[in-house]
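The values are calculated or read from the model by the stated rules, or taken from the named source; none is laboratory data. Since this is a predicted model, take the numbers as computed values, not measurements. Methodologically, a virtual Cβ is constructed for each residue, glycine included, from the backbone with ideal geometry; neighbour enumeration extends over all protein chains shown.
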Amino acid sequence: MLNLTRQMIEIRNILAKVDTSNNIRLPSIVVIGSQSSGKSSVLEAIVGQEFLPKGSNMVTRRPIELTLVNSPELAAEVADFPALQMNNITDFTSVQKLLYDLNMQVPAHECISADPIQLIIKSPRVPDLSLVDLPGYIQVEAADQPMELKKKIKIVCDKYLESPNIILAISAADVDLANSAAIRAAKMADSRGERTIGVITKIDLVDPTRAREILTNKKYPLKMGYVGVVTKAPQQSIFRKPTGFQAFVSQQNFERQYFKENKEEFQGTSVGTRLLKKRLMKVLEKSMASSLRPTYMLVQQELEETSYKFKVEFNDRSLTPETYLAGSIDTVKVAVKEFSERFGRPELRSLLRSELDQRCLELLAERYWNKPSPANSTGSEHLIEPNLQELQHATLNDLYWVRKLDLATSSLTKSGVGRMSTLLITHALLSEIDNIVDNTTLRGHPMARNVVKESAQSVLNGKFFSTADQVENCIKPYKYEIELEDREWALSREHSIMLLKEELRQCTETYNELKKQVGGRKLSQLVSYLEEQNNSKQDQQQQQHENLNFSYALIKRGKEAMFLKDRTELLKFRIQALKSSQCKFKENKYKCPEIFLDAVAEKLTQTAVLFLNVELLSDFYYNFPRELDIKISNLTKEQIELFAKEDPKVKRHVEIQQRKELLELAMNKIEDVLALQKYKAPLASNN
Ligand code: GDP
């Protein structure tokens, strides 16, 4: 019997999650009573714990949907708040506090909210019951509230008082039943008194004969009758007040004793909390059982409609938030795998090499071709210092040039190649991961995007310092000595000529672009004007006066053009020098710094790439998918659902499927209960 009710409560809870158009509901017991009628005491006596918030200022502002689950395996009561994902709470003071806070989330001026609080209490001492503690319906109705609010309260409460729910109308014995707001409200919703159980509290406060009159009254007949209870024992001692479950044991003893002592007066009436619990169980089971078949029909109809939609819109294709996420993550993994085939050691090498080439060009510009840049130019410096012509005629014993090359080389080898190269690869991988995500369905999902990014970052961060240190260690010998073979020199000669030619091409291109923008004639006028200015000894006053012929922007462009012209000349000059027979031999390295630095850059690249490839790149390709799996497995069900539902199409798909699954589950469970009922019926008739 118990099992049946529990299964039906389960079905009821499943159906509560399905937002159905035809309002499929299995009954629950709705508790109503005016303030101080003893409503909380009755509910708490059923549960065996004090858990309801107390206070005169409308502390119940939301319906509390209370599911009691008989759990013989437990030692004491535990509470769950499924919506808050707070489970197995054993401290009922915190349950009381949580209920208070959840109620207080509704501002006082709004009075009531239709959004119920779900609370599950499991205990070896509770029956399987589904109860609703309705907000202070009656006290509010009686109070001086604006019409608008009264309407709102009525709408929320009336929904719960509707059939097939059972109404538990609580009235105190010391208040005339004619004045009971609970009975009045129950009559409105259930005029024939078929679904209402009357509970008369505080029986101990009236004479037993009077109590009997109330319990057997014919004035307010209820088919399920009245039950009299004593749910609060008078305080025996102010010093040793029992608490928790003990308080309920002592109260139960008091109640039992009270009805025992007045046995005769209460003969033939229904009294006691134990009896009330039993009656509630019976009534609920009966009511649920009779609602089951109509509910089955409604669920079947709803399921047919939902299955049809699922077939037409989504071709019966199964999609859960989890499979959607897994699918999206798989596309990222596949894309990274494809990328790993495109980006290996050779690509790593060329990336690092071009970065070092750039460094070499900067070093050469700074230390050899140190023509002032247009930004710093005051217009007066125009000489190459030291003059490269001198370099051509320097001799092997010229210490100045030997030293200069040594310094330039150290600048390159001691520039933190370990850190720079590791950072370069790390950035390249992270930006590729970004590109990959941009091309998948994860594009519009900030949370999932972050998970992918964090996975990549975490794998790379884990290796960053050790890789940078290892690379730095391995290039250490080059900081002291660099030996070159003829073959290496020849290759670097070719490479530096190619590099300078490319630099020259870019310079010419930028100059031509400038010419196009300013106009050829104007630009050459501007350049000769600036050259004249540089050569002339005219004072500042005069210069400013003449500057007025050209705008500031034009002067800036003119200086840029002059820089590019000088740079072009210089590059041509250096290309020629590198092509000359002097630069054919590595012994002349100090005369050909471009070639020597290029050879150093090549050595640094080769060594660094060996480590970067194994320590960083291969490690990343191996560990990134694994890290991604770990991060994904740490996501909560809610996070995954939220992620999937960010896409409206996926949201609809997932929702229809979830609805279909819930309805199927409810159908199966109802079928099981119906089969059990069929099986039990002949047994009952045989007995
Ligand atoms: P609620 O406002 O309807 O929830 O009522 P409560 O359960 O808080 O009870 C109101 C007051 O009546 C409290 O002071 C209780 O101690 C007292 N009370 C409740 N039930 C009984 C009872 O059966 N006997 C006696 N003597 N007092 C009771």
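Listed values, structure above:
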| item | result |
| --- | --- |
| Lone unmet requirement of (1) over 24 Å from Ile153 (Cα atoms); (2) within 15 Å of the ligand (Cβ to nearest atom) for Gln85 | (2) |
| From Ala608, Ala644, Ala675, Ala666, residue being among the aliphatic types (A, V, I, L, M) and under 30 Å from Lys476 (Cβ atoms) | Ala608 |
| Selection status of Leu52, over 27 Å from Glu638 (Cβ atoms), touching a residue at least 60 places away in the same chain (Cβ under 8 Å), of a type in the set (A, V, I, L, M) and out of contact with any helix residue (DSSP H, G or I) (no Cβ under 9 Å at 6 or more places or on another chain) | no |
| Among (1) surrounded by fewer than 24 Cβ atoms within 10 Å (Cβ to Cβ); (2) in a helix (DSSP H, G or I); (3) at pLDDT 90 or above; (4) of a type in the set (Gly, Ala, Ser) - the single one Ser191 does not satisfy | (2) |
| In the stretch 223-254, residue nearest to the ligand (Cβ to nearest atom) [restricted to those that are modelled with pLDDT of 90 or more and surrounded by 14 or more Cβ atoms within 10 Å (Cβ to Cβ)] | Val230 |
| Tabulated pairs, the stretch 13-33, first under 19 Å from Ile167 (Cα atoms) and part of a helix (DSSP H, G or I), second at pLDDT 80 or above and within 16 Å of the ligand (Cβ to nearest atom), C-beta under 8 angstrom, 6+ apart or interchain | none |
| Matching residues, the stretch 619-649, being modelled with pLDDT under 90, part of a helix (DSSP H, G or I) and surrounded by 14 or more Cβ atoms within 10 Å (Cβ to Cβ) | Gln639, Glu641, Leu642, Phe643, Ala644 |
| Residue check for Asp204: surrounded by fewer than 17 Cβ atoms within 10 Å (Cβ to Cβ) and modelled with pLDDT of 90 or more | no |
| Tally of residues being part of a loop (DSSP other than H, G, I, E, B), more than 11 Å from the ligand (Cβ to nearest atom) and under 16 Å from Thr269 (Cβ atoms) across the stretch 194-211 | 1 |
| Gly268 on the phi > 0 side of the Ramachandran plot, surrounded by 14 or more Cβ atoms within 10 Å (Cβ to Cβ) and not aromatic (Phe, Trp, Tyr) | no |
| Qualifying positions in the stretch 260-289 - in contact (Cβ under 8 Å) with a residue 24 or more places away in the chain and more than 20 Å from Glu44 (Cα to Cα) | Asn262, Glu265, Phe266, Gly268, Thr269, Glu285, Ser287, Met288, Ala289 |
| Subset of the stretch 499-528 [hydrophobic (A, V, I, L, M, F, W, C) and either out of contact with any Asp or Glu (no Cβ under 8 Å at 6 or more places or on another chain) or within 19 Å of Phe573 (Cβ to Cβ) (or both)] | Leu499, Leu500, Leu504, Cys507, Val518, Leu523, Leu526, Val527 |
| Conditions (1) touching a helix residue (DSSP H, G or I) at 6+ places or on another chain (Cβ under 6 Å); (2) assigned to a loop (DSSP other than H, G, I, E, B): number failed by Ala75 | (1) |
| Residue selected from the stretch 19-34 under the condition within 15 Å of the ligand (Cβ to nearest atom) and modelled with pLDDT of 90 or more, by the criterion nearest to Gln252 (Cα to Cα) | Val31 |
| Residue that is modelled with the highest pLDDT, among those in the stretch 546-573 that are surrounded by fewer than 17 Cβ atoms within 10 Å (Cβ to Cβ) and among the aromatic types (Phe, Trp, Tyr) | Phe573 |
| Residue in the stretch 44-63 that is nearest to Thr93 (Cα to Cα), counting only those that are near the ligand (Cβ under 8 Å from one of its atoms) and in contact with a Leu (Cβ under 9 Å, 6 or more places away or on another chain) | Leu52 |
| Criterion: within 30 Å of Tyr552 (Cα to Cα) and not aromatic (Phe, Trp, Tyr) - qualifying residue of Asn439, Asn512 | Asn512 |
| Test result for Ser37, of a type in the set (S, T, N, Q) and either modelled with pLDDT under 85 or buried (at least 22 other Cβ atoms within 10 Å of the Cβ) (or both) | yes |
| Selection within the stretch 171-188 - buried (at least 19 other Cβ atoms within 10 Å of the Cβ) and in contact with a Leu (Cβ under 9 Å, 6 or more places away or on another chain) | Ser171, Ala172, Ala173, Ala182, Ile183, Ala185, Ala186 |
| Pairs, first among the acidic types (Asp, Glu) in the stretch 327-355, second part of a helix (DSSP H, G or I), C-beta under 6 Å, six or more apart | Glu355/Leu424 |
| Selection status of Ile121, within 16 Å of the ligand (Cβ to nearest atom), crowded, with 17+ Cβ neighbours inside 10 Å and at pLDDT 90 or above | no |
| Matching entry among Gln582, Gln606, Gln576, Gln543 (being at pLDDT below 85 and surrounded by fewer than 20 Cβ atoms within 10 Å (Cβ to Cβ)) | Gln543 |
| Gln576, sole failed condition from (1) over 55 Å from the mean Cα position of the chain (by Cα); (2) touching a residue at least 60 places away in the same chain (Cβ under 8 Å) | (2) |
| Positions within the stretch 136-173 being within 16 Å of the ligand (Cβ to nearest atom), touching a helix residue (DSSP H, G or I) at 6+ places or on another chain (Cβ under 7 Å) and modelled with pLDDT under 90, in sequence order | Tyr137, Ile138, Val140, Glu141, Ala142, Cys157 |
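Quick grid of which residues meet (1) within 30 Å of Arg567 (Cα to Cα); (2) loosely packed, with under 14 Cβ neighbours inside 10 Å:
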{"position": "Lys453", "(1), (2)": "no, no"}
{"position": "Phe464", "(1), (2)": "no, no"}
{"position": "Asn473", "(1), (2)": "no, yes"}
{"position": "Lys479", "(1), (2)": "no, no"}
{"position": "Glu483", "(1), (2)": "no, yes"}
{"position": "Ser492", "(1), (2)": "yes, no"}
{"position": "Leu499", "(1), (2)": "yes, no"}
{"position": "Lys515", "(1), (2)": "yes, no"}
{"position": "Arg521", "(1), (2)": "yes, yes"}
